[in-house]
Amino acid sequence: MDIVDAVASRYSCRAFLPKPVPEKIVRDIVERAARAPSAGNLQPWRVYAIAGKRLEELKALLAPRMATELPKGEGVEYQIYPNPMPEPYRERAFTVGELLYQSINVPREDKAARYRQYARNYEFFGAPAALFFARDKSHGAAQWADIGGYLQTVALLARGHDLHTCPQQAWVSFHRTVRSFLDLPDNLMIYSGMALGYEDPAAPINGWRSPRAALDDFASFDGFES
Ligand SMILES: Cc1cc2nc3c(=O)[nH]c(=O)nc-3n(C[C@H](O)[C@H](O)[C@H](O)COP(=O)(O)O)c2cc1C
């Protein structure tokens, strides 16, 4: 797949087909994504890939807790959003939430239905494979950013195999369970999960795309010859 198409066709997929993803492909993606740049070539990412019985085990740990523990879960291990959230970010987050729930006909007031959809995070939206990206607790902002670059490289390489992804910081809300499930060393913590699989093209939740700010709202260009 052309790189431009890979970037354009990546989106956060929230309904997957049950078709398994071969381990060979996941290994290939995870290995190639390590070509992502990192400050000082620290390569600060740690990746845990799960599928099959292992993935089902993790889902089974969470399933009985959904009705009572959402949205807080175990509390986050790190703060994901700025608090308070200034504009224009607040509006962008609000809009994407509205579009997501509109796509499945869930009105804003229907909190129970919203939580039910949110709980799908902890089923990896039906994906047959998942990744967890962990970071070393001693690392700082530059390494967080590098792991973000790695995550995006995974998402783009996945497109090359006709796969889709959804990054999932939702898993940070169950960091204790994930830590013990993955047997995470004390020096590491989960940065994000990621669902990985083949998209369900018929699912309404996959039928919308998040908007983006106009180019001139976030970039400036100076000194170029036309
Ligand atoms: C690090 C990271 C974590 C995310 N966590 C979640 C998540 O837990 N659940 C979810 O449904 N979407 C999650 N998203 C997806 C974002 O909502 C999505 O990227 C954004 O709205 C832009 O939409 P797009 O990815 O479809 O282009 C996450 C994205 C990133 C980059």
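Only the coordinates and a few stated rules stand behind these numbers; no lab work does. Since this is a predicted model, take the numbers as computed values, not measurements. Glycine also receives a Cβ, built like all others from the backbone with ideal geometry; neighbour counts cover every protein chain displayed.
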Sorted by Cβ neighbour density within 10 Å, fewest at the top, the residues 210, 173, 38 = 210, 38, 173
Listed residues 211, 37, 201; largest mean-square fluctuation, Gaussian network over the chain with Cα springs below 10 Å, found at 211
Separation between the residue 118 and residue 215 pseudo-spin-labels, each 7 Å from Cα along Cα→Cβ, expressed in nm?
-> 3.8 nm
Hey, what number do you get for the chain at 222 nm if only DSSP H runs of n ≥ 4 count, each worth -39500 (n - 2.57), divided across all residues, to the nearest 500?
-> -11500 deg cm²/dmol
Would you mind classifying region 125-187 by shape? Square roots of the alpha carbon gyration tensor eigenvalues, ordered a ≥ b ≥ c; an a/c under 1.5 is rounded, otherwise it is prolate if a/b is larger than b/c and oblate if not.
-> oblate
Residue exposure sequence - 157, 182 - by fewest surrounding Cβ within 10 Å = 182, 157
Long-range HN-HN contacts of residue 192 with modeled amide H, under 5 Å | 133
Count, lysine Cα pairs under 18 Å in the chain, 8 or more residues apart or across chains = 5
Based on the alpha-carbon gyration tensor of the chain and its eigenvalue square roots a ≥ b ≥ c, which shape applies: rounded if a/c is under 1.5, prolate if not and a/b is larger than b/c, or oblate?
-> rounded
Add +1 for every Lys or Arg and -1 for every Asp or Glu among the other residues with Cβ under 15 Å from the Cβ of residue 102, and state the total.
-> +1
If Lys and Arg each add +1 and Asp and Glu each add -1, what is the summed charge of the other residues whose beta carbon sits under 15 Å from the beta carbon of residue 74?
-> +2
What residue among 100, 182, 63 has its Cα farthest toward the positive end of the dipole of the chain, where the charges are +1 on Lys, Arg and -1 on Asp, Glu, each on the Cβ?
-> 63
Please arrange 165, 68, 177 by counting, for each residue, the other beta carbons lying within 10 Å of its beta carbon, fewest first.
-> 68, 177, 165
Rounded if a/c under 1.5, otherwise prolate or oblate - region 102-226, Cα gyration tensor axes | oblate
Relative contact order, percent, of the chain when contacts are C-alpha pairs under 8 Å separated by at least 6 residues?
-> 38 percent
Work out, step by step, the length gained on full extension between residue 138 and residue 61: first 0.36 nm times the residue separation, then minus their alpha carbon distance; give nm to one decimal.
-> 24.8 nm
